[in-house]
Structure formats: structure tokens, C-alpha cells
1. Looking at the stretch 74-83, is at least one residue over 12 Å from the mean Cα position of the chain (by Cα), closer than 22 Å to GLN121 by Cβ and not acidic (Asp, Glu)?
2. Filtering the stretch 30-41 down to residues that are touching a Leu at 6+ places or on another chain (Cβ under 9 Å) and not β-branched (Val, Ile, Thr), which residue is surrounded by the most Cβ atoms within 10 Å (Cβ to Cβ)?
3. Which of the numbered conditions does SER89 fail, given that it passes all the others? Conditions: (1) farther than 16 Å from LYS4 by Cβ; (2) in contact with a Lys or Arg (Cβ under 7 Å, 6 or more places away or on another chain); (3) at pLDDT below 95.
4. Right, ARG70: basic (Lys, Arg) and within 18 Å of LYS3 (Cα to Cα) or not?
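The values are calculated or read from the model by the stated rules, or taken from the named source; none is laboratory data. All figures in this text were calculated on a predicted structure; none of them were measured in a lab. Virtual Cβ from ideal backbone geometry, glycine too; neighbours counted across all protein chains shown.
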Amino acid sequence: MEKKKILVVDDEHNSREGLTKILIKEGYDIVAAESGEAALKEAAKQDFDLIITDLKMPDISGIEVLEKIREKKPNVGVIIVTAYGEVNSYLKAMTLGAFEYLNKPIKLDELRRVINKALGQPS
């Protein structure tokens with residue numbers, strides 16, 4: 001069975017690397033991007049089964065990444081993660097079709113459950 005490919009987007013090095021290491025151990029093929037702009041370039045070059053993006057980034061926000069991904073690849077699941085849980089950004093993300101909106105620090109069990117659900121796999 002082919003590994004599911006996930007794009008991890010976070011401008012914070014430690015968050016990006018930590019999540020990448022966890023997901024590799026879980027058996028996923030991971031591509032990491034340090035900005036929203038880099039994420040959009042990666043998404044234009046290759047297909048992903050899922051995108052996990054930070055909400056607040058200096059160049060392009062996670063909401064903007066979600067909007068642009070929806071335009072070109074409407075079927076890709078997008079999970080927004082944030083240390084700044086706000087009702088307005090939550091509502092906007094869900095209206096735009098985010099699969100889930102998670103607050104940092106992310107609990108591994110919750111992340112596993114959400115990823116499995118997003119990829120249509122058993123929990």
C-alpha cells in the first residue's frame with residue numbers, strides 16, 4: 001500500500017520539525033514547508049493527500065493557504081492548527097472547507113484520529 005503524502009506547513013522550525021518527525025514515525029510520506037508561499041509552490045508541483053497548516057504565518061496565513069488550495073485542488077483535506085484559537089478564524093476556516101481546526105499544543109491521539117478521519121482510514 002502506498003504511503004499517504006502529507007504537507008506540513010509551519011513557519012516555526014520546532015513545530016514543523018516536531019510534527020514532521022511524529023508523522024514520519026506514523027508511516028506517512030511528509031513534505032515540510034516553512035511558509036505559506038513555499039506550501040503553495042509544493043502543492044503546485046505535487047499532489048498531497050492532506051495538508052496540515054499553521055494559521056498565523058508572516059507571509060500567507062493558513063486561511064489563505066486553504067483558500068488557494070481549494071481553488072486548484074478542492075478535494076484535498078486541510079487541517080488548520082493554531083496557538084491562537086479565535087472564533088472568527090475558526091468560522092472562516094470551516095466555511096472555506098477546512099477539515100478540522102486544532103489548537104496547539106496538539107495532542108497526538110487527537111491528531112491521529114483527525115488524520116485518519118481526513119484520509120478515510122479507520123481510527
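1. So the first thing to find is which residues in the stretch 74-83 are over 12 Å from the mean Cα position of the chain (by Cα), and the list is 74-75, 83.
Now drop any that are not closer than 22 Å to GLN121 by Cβ, which leaves 74-75.
Checking the rest, the ones that are also not acidic (Asp, Glu) come to 74-75.
For the stretch 74-83, residues over 12 Å from the mean Cα position of the chain (by Cα), closer than 22 Å to GLN121 by Cβ and not acidic (Asp, Glu): present.
2. Just the residues of the stretch 30-41 that are touching a Leu at 6+ places or on another chain (Cβ under 9 Å), to begin with: 30-33, 39.
Checking which are not β-branched (Val, Ile, Thr) leaves us with 32-33, 39.
Working: ALA32: 18, ALA33: 22, ALA39: 29.
Only one residue tops the list, namely ALA39.
3. (2)
4. Details: basic (Lys, Arg): yes; within 18 Å of LYS3 (Cα to Cα): no.
It is false that ARG70 is basic (Lys, Arg) and within 18 Å of LYS3 (Cα to Cα).
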